[in-house]
Amino acid sequence: MSIELKFLGGARTVTGSKFTLKTKKASILTEFGLFQGHRRQAFELNTLLPDEILETDSMLLSHAHIDHAGNIPRLVAHGYENDIYATSATIDLARIMLLDSAEIQVRDAEYVNKKNAKKGEPLIEPLYSIEEAEASIKNLKPLEYHSTREVAAGIKATFYDAGHILGSAQILYEIDGLRILFTGDLGQPDLPVVRNPERVPSPDIIVCESTYGERNHPSLDEAKQRLSDILKSAYDRGAKILVPAFAVGRTQSLVLVMHQLMDEGRLPAMPIWIDSPLSLEATEVFKKHPECYDRETMEYLKRDEDPFGFFRLRYVQTVEESKSLNEVSGPCMIIASSGMCEGGRVVHHLKNTVADPKNLVIITGYQAEGTLGKRIVDGVKSVKLYGEEYPLNCGVEVLNEYSAHADRNDLIELFKGYDSKKVKEVFLVHGDYDQSRALGEAVNGLGYSSITIPDVGQSFEIG
Ligand SMILES: [Zn+2]
């Protein structure tokens with residue numbers, strides 16, 4: 001038996017996840033995510049479509065986040081006609097995420113082309129269009145949790161809960177008796193809405209994420225208290241609170257916790273604007289998939305017909321409505337995409353928020369190197385928006401605990417659950433190198449003998 005595992009992205013970095021498995025009879029692609037970061041460099045990496053990817057027999061997708069699914073439209077637009085398996089909740093969310101991403105790609109290209117035209121440089125095409133994103137959805141085929149399917153000749157696959165966002169899955173492949181687990185992104189136990197990550201039966205090879213391999217999050221109770229304190233003081237000073245967020249996942253978690261705080265009388269009600277054109281659809285997807293809810297959400301649903309607090313939300317659809325929010329005064333919250341401040345409507349809200357010391361920006365998730373979100377977290381004194389510098393006088397709070405990722409202890413617990421003597425090889429991916437290395441040392445301490453932190457482009461014989 002010869003099986004080659006190759007890392008084509010999401011290795012020693014958190015974005016651009018893509019891996020291939022190749023046997024003599026077939027090959028399979030796992031994830032096809034967008035690289036994010038410096039615009040030009042990311043754009044160049046995202047345009048690459050090597051034959052070894054186009055020639056795979058099918059693809060599996062762990063969840064709908066853009067760094068895992070975001071380049072599917074380009075793949076399909078370049079002739080990939082094979083099936084892409086995902087859970088049905090992931091398919092519904094992926095449609096929204098990909099349309100959202102297409103809009104950002106188109107706007108980005110317009111912006112770059114305006115500059116290029118001035119400098120007399122050649123114009124660029126967007127990575128993909130809205131039509132291409134819509135058309136690519138037809139390749140997505142549902143495969144539900146725990147149902148096993150032969151996804152290519154001699155390769156069987158099963159999805160297990162990953163507890164990260166709605167529909168998220170770990171993927172177990174079986175090839176000639178060898179069991180290869182891709183964890184995808186793992187959630188932390190007890191995250192709102194979704195079930196906890198599952199222990200997958202007896203893997204031989206584990207390809208595990210390591211986003212927070214070195215760091216622990218505070219407990220979710222502490223996180224809730226801290227969020228309550230931060231929001232209460234922002235409310236008291238009449239702040240406009242801006243939350244850069246992805247359309248899916250984190251937004252719903254944050255809103256759910258705020259709804260609970262308001263219900264418990266710990267936070268006064270304030271208007272919450274969701275300024276992401278596709279968030280309303282994302283909310284509909286959440287309503288449509290109760291099969292993904294955890295027990296607490298099911299219990300909550302029995303007591304409260306509106307467990308996510310949807311009635312508190314005001315959705316912003318058009319660009320004009322979005323711009324009219326510039327006139328709204330605090331206290332209020334505006335949740336707008338994109339999550340790393342690299343594009344989308346959040347940019348014009350930043351322009352109207354950051355200079356006033358009364359206001360607050362809450363960063364709720366991981367910020368990749370090179371993004372505006374990362375610079376804000378790093379405490380820069382001013383930010384460049386639409387080519388102009390604005391002083392960053394407002395408050396900035398980082399709430400990583402709502403990142404929906406397992407932390408160091410959660411990941412170590414996961415490895416404790418597997419038989420270190422039976423697992424032949426561990427690959428740590430989806431993390432900056434320091435994070436992966438720190439986790440690797442801990443995993444080694446648990447008796448796992450072979451631990452690799454692969455780099456992009458590396459391949460390994462695993463069977
Ligand atoms: Zn994710």
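The values are calculated or read from the model by the stated rules, or taken from the named source; none is laboratory data. A quick note: this is a predicted structure, and the numbers were derived from the prediction, not measured. Counting neighbours? That spans all protein chains shown, and the Cβs are built from the backbone with ideal geometry, glycine included. Each accessible area value is taken on the protein alone, full model and side chains, heavy atoms only, with ligands, DNA and RNA left out. Shrake-Rupley method; radii C 1.70, N 1.55, O 1.52, S 1.80 Å.
Worth pointing out:
- Two-site FRET efficiency, Asn444 against Glu320, from Cβ-Cβ distance with R₀ of 41 Å, rounded to 0.05: 0.15
- Within the straight-line cut-off of under 12 Å between alpha carbons, the aspartates and glutamates reachable from Lys422 are Asp204, sequence neighbours fewer than 8 places apart in one chain being disregarded.
- Protein heavy-atom accessible surface, 1.4 Å probe, per residue over the range 220-402: 42 Å².
- Fraction of antiparallel bridges per DSSP, the chain only, in percent to nearest 5: 45
- Approximate spin-label separation Arg199-Leu301, in nm, with each point projected 7 Å along Cα-to-Cβ: 2.7
- For the range 343-410, convex hull volume per residue from C-alpha positions, Å³: 96
- Cross-link pairs Lys302/Lys323; Lys18/Lys118; Lys24/Lys141; Lys138/Lys384; Lys141/Lys416; Lys115/Lys323 - those with Cα-Cα distance over 29 Å: Lys302/Lys323; Lys18/Lys118; Lys138/Lys384; Lys141/Lys416
- Once the convex hull of all Cα atoms in the chain is built, its volume per residue stands at 133 Å³.
- R0 of 30 Å, Cβ-Cβ distance Leu280-Glu125: FRET efficiency to nearest 0.05: 0.50
- In units of the compact-protein estimate 2.2 N^0.38 Å, the range 1-92 shows a Cα radius of gyration of 1.05.
- When Rg and the Kirkwood Rh are both derived from Cα coordinates, the Rg/Rh ratio for the range 357-463 amounts to 1.13.
- Debye equation applied to the C-alpha atoms of the range 113-186, log10 I(q)/I(0) at 0.17, 0.22, 0.23 Å⁻¹: -0.77, -1.02, -1.06
- Distance in nm between pseudo-label sites at Gln458 and Lys287 (7 Å out along the Cβ direction from Cα): 4.8
- HN-Hα J in Hz across the range 90-100 - Karplus 6.51, -1.76, 1.60, θ = phi - 60°, x for Gly and Pro: 4, 4, 5, 6, 4, 4, 5, 4, 6, 5, 4
- The chain - mean residue ellipticity at 222 nm from DSSP helices (-39,500 (n - 2.57) per run, n ≥ 4, rounded to 500): -10000 deg cm²/dmol
- Shape of the range 411-463, Cα gyration tensor, a/c cut at 1.5: oblate
- Here's the list of lysines a cross-link from Lys25 could span, going by alpha-carbon distance under 20 Å and ignoring same-chain residues fewer than 8 apart: Lys6, Lys156.
- Where both bridge residues fall in the range 322-444, DSSP classifies roughly 50% of the beta bridges as antiparallel.
- log₁₀ of I(q)/I(0) at q = 0.10, 0.12, 0.14, 0.18 Å⁻¹ - the range 220-402, Debye sum with one point per alpha carbon: -0.38, -0.54, -0.75, -1.25
- Helix axis angle, 220-236 relative to the chain longest principal axis, alpha carbon, degrees: 20
- Remark: the range 220-402 carries a charge dipole of roughly 380 debye about the Cα centre, counting +1 on each Lys and Arg Cβ and -1 on each Asp and Glu Cβ.
- With contacts taken as Cα pairs under 8 Å at a separation of at least 6 residues, the range 41-93 carries a relative contact order of 43 percent.
- Qualifying lysines (Cα of each under 17 Å from Cα of Lys358; at least 8 residues distant if same chain): Lys232, Lys240, Lys381
- Förster-model FRET efficiency, 25 Å R0, Glu44 and Asp83, C-beta, rounded to 0.05: 0.30
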